[in-house]
1. Determine the order of ASP84, ASP74 by accessible area, beginning with the largest, at a probe radius of 1.4 Å.
2. What angle, in degrees between 0 and 90 and rounded to the nearest 10, separates the Cα long axis of helix 167-176 from the longest principal axis of the Cα atoms of the chain?
3. Name the aspartates and glutamates eligible as straight-distance cross-link partners of LYS178: C-alpha to C-alpha under 19 Å, and not fewer than 8 places from it in the same chain.
4. Whole number in Å², please: accessible area per residue of region 2-132, 1.4 Å probe, ligands, DNA and RNA not counted.
5. Tell me what the chain gives for mean residue ellipticity at 222 nm when only DSSP H runs of n ≥ 4 count, each as -39,500 (n - 2.57), the sum divided by the residue total, rounded to 500 deg cm²/dmol.
6. With angles folded into 0 to 90 degrees, how steeply does helix 96-110 sit against the dominant principal axis of the chain? Use alpha carbons for both and round to 10.
7. Would you mind telling me the share, in percent, of accessible area of region 2-132 contributed by carbon and sulfur at probe 1.4 angstrom?
8. Tabulate in residue order the Karplus-calculated ³J(HN,Hα) for region 111-116, using 6.51 cos²θ - 1.76 cosθ + 1.60 with θ = phi - 60°, rounded to whole Hz; enter x for Gly and Pro.
Amino acid sequence: MSTYDAVRALVWKHDALELLDQRRLPAVREFVRCTTAQEVAEAIRAMVVRGAPAIGIAAAYGVVLAGRQHGLRDADAVRRVEEDIERLAQSRPTAVNLFWALQRMRQVLADGGTLELLEEAARRIEQEDLEANRRMGEFGAALIEPGRDVLTHCNTGSLATAGLGTALGVIRTAYAQKRVAHVFADETRPWLQGARLTAWELKEDGIPVTLLCEGAAASLMQTGRIGWVIVGADRITARGDVANKIGTYGLAILARHHGVRFMVVAPSSTFDLALHSGAEIPIETRPMEEVTMLAGQRIAPEGVEAWNPSFDVTPAELIDAIVTERGVILRPDAERVRAIIGGA
Ligand code: MRU
């Protein structure tokens, strides 16, 4: 599988976290070096690094950098690290992996963790994510019968995770197994994760990819070429409602209408069992300039406002399978989520 997993978004250097600047891809391949938790929080906010698992991993290393910066000698130093954890938690609101990773780091700190233990915990979070992606790749690919193409949305690849990816990990594995021969990728307005990142990752791997505007997805499904829509997730509730990149909900409705199956791929760290309904998930609204401007140029008339929610919620009823590293949840509901993920 390593043939189809060449890219790394995060490189831990012990005294710094280097982040491949996703704002500049595919034109420029440049790393941003963070040596403090504040810098990591700003990098997450500015989307130097993005994608639910990747921001959780980045935040975990941010806590290690906070430990290095403040030292862990006394209660005052630990309090400064806790303030940095809070700063990291404020960076983006929707992907629960961020809060999940910070909670793990907070626990290490509360247990009297040394700098070495914090670093070990962050490395473990990264390693576990890579292993989860490999397992999900196998589980998800096994659901795909050869003969039809797949459609994906946003970027869920190595750039969004520790490596391989969630939805893109399934697609990579399915391609390696000759279950998928061709990938369609939504450009993903307004930030263009599909055009700039997914197309780039697949091209690097030599996997055939065709881009489309998401407005073309209905017509693509109407041709009968698509067997599965395969997406990632930023937060999944106890009943299986899924928050993911804006546009995902529309794809799920289109898929159901056209008899195309709909797969969500996410590690157990993406589940928020404290929430029942998707309506409870906080949805990030991003600056309207992301919609009114394109590549630094204004495209809408001066003074026109834009609504720019970054995520939407797909109800469990529209999902055929949620693939996790613990197993596959077919036609998710509260009971089936509990059977695989646990919870009350
Ligand atoms: O705003 P982004 O680019 O961080 O949004 C990313 C997504 O919505 C992905 O689909 C999601 O995080 C799953 S990635 C493994």
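1. Numbers: ASP84 5, ASP74 80 Å².
Largest accessible area first, the residues go ASP74, ASP84.
2. On a 0 to 90 degree scale, this one is about 60.
3. LYS178 reaches ASP5, GLU138, GLU145, ASP149, GLU201, GLU204, ASP205.
4. Per-residue value: 43 Å².
5. The helix contribution divided over the chain gives -12000 deg cm²/dmol.
6. For 96-110 against the chain, the angle is about 20 degrees.
7. Numbers: 2710 of 5670 Å².
So the carbon and sulfur contribution to the accessible surface is 48 percent.
8. These are the phi-based 3J(HN,Hα) values: 7, x, x, 7, 4, 4 Hz.
The values are calculated or read from the model by the stated rules, or taken from the named source; none is laboratory data. Predicted model, so just to flag it, every value in this text is computed and none were measured. Cβ coordinates were reconstructed from backbone atoms using ideal geometry, including for glycine residues, and neighbour counts include every protein chain displayed. Only protein heavy atoms, including side chains, enter the accessible area calculation; ligands, DNA and RNA are left aside. Shrake-Rupley method; radii C 1.70, N 1.55, O 1.52, S 1.80 Å.
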